[in-house]
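Please read the structure below before turning to the comments.
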């Protein structure tokens, strides 16, 4: 990937959802400010610069922009914190701009942005783990049992807890699937389904290589439950009241 476009970090621009037209407009503003030929005013203790929409159109005809399009793009950049705007009424109506708090983000290196994105995601994932634990504490017995089915199923497949937002999305999708699955297995209580899931992955049998999603668990569940009931060594670990599903 090319690191910079018009002198700005392409990755940072993508993160802000800016396009090449936005970057060309910003480059025009930056270069004009640096030329010391741009009309300026000090407003609220900061130096602002007048952006002539017509001047931008005349200098960058290749962008095929009209004043309304320029207004909308600059407005969005202000909303993103890349620019700040003040409207001055003095012999007319004039739009003055200066750099916003996020402007310098557009100059960060690829490595800086990647590191920040990684740190941000790690913090978000840690919060998602805390939220899951909190939700478990607030759930009733049956709902908690269903959530534990999803947790154990995920852990049996991936062997480690979710390490990213994408992996958490897989977990929560599976949790929703299992919530729909449990009522369909009306002959089995949630704790019994949980025991059978343990049997699938904690015993050396063919099912561990087949069951890779809740839909496959549902598809083959009657056969799995029957085979689990025949594993006397496994079911001997549980009180009889927990394993009467056959």
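Key figures
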quantity	calculated
Linear extension gain, residue 231 paired with residue 79, 0.36 nm per residue minus alpha-carbon span	48.4 nm
Degrees separating the helix 190-202 axis from the principal Cα axis of the chain, which is the longest one	90
Packing-based exposure ordering (other Cβ within 10 Å, fewest first) of 223, 96	223, 96
Rg/Rg_globular for the range 19-111, with Rg_globular taken as 2.2 N^0.38 Å and Rg from C-alpha atoms	1.07
Rounded to 10°, Cα long-axis angle of helix 67-79 versus longest principal axis of the chain	60
Packing-based exposure ordering (other Cβ within 10 Å, fewest first) of 21, 197, 182, 14	14, 21, 182, 197
Stretchable slack from residue 220 to residue 107, in nm (0.36 nm times residue separation minus alpha-carbon distance)	35.2 nm
Residues 179, 120, sorted so that the one with the fewest Cβ neighbours within 10 Å comes first	120, 179
Radius of gyration and maximum dimension Dmax of the range 78-234, Cα, Å	25.1, 92
FRET E, pair residue 120, residue 186, Förster distance 41 Å, beta-carbon r, rounded to 0.05	0.40
Residue 59 paired with residue 90, simple spin-label distance in nm, labels 7 Å along Cα-to-beta-carbon	2.1
Candidates 61, 162, 222, ranked by Gaussian network fluctuation over the chain, Cα under 10 Å, top entry	61
Paramagnetic reach from residue 41 in the range 64-108 [backbone N under 11 Å; point 7 Å along Cα→Cβ]	86-97
Degrees between helix 141-158 axis and first principal axis of the chain (Cα, 0 to 90, nearest 10)	80
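Laboratory data are not the source of any read-out in this text; all were calculated from the coordinates shown. Bear in mind that the values here come from a model prediction, so they are computed numbers and not experimental data. Positions of Cβ are generated from backbone atoms using ideal geometry, with glycine treated the same way; all protein chains shown enter the neighbour counts.
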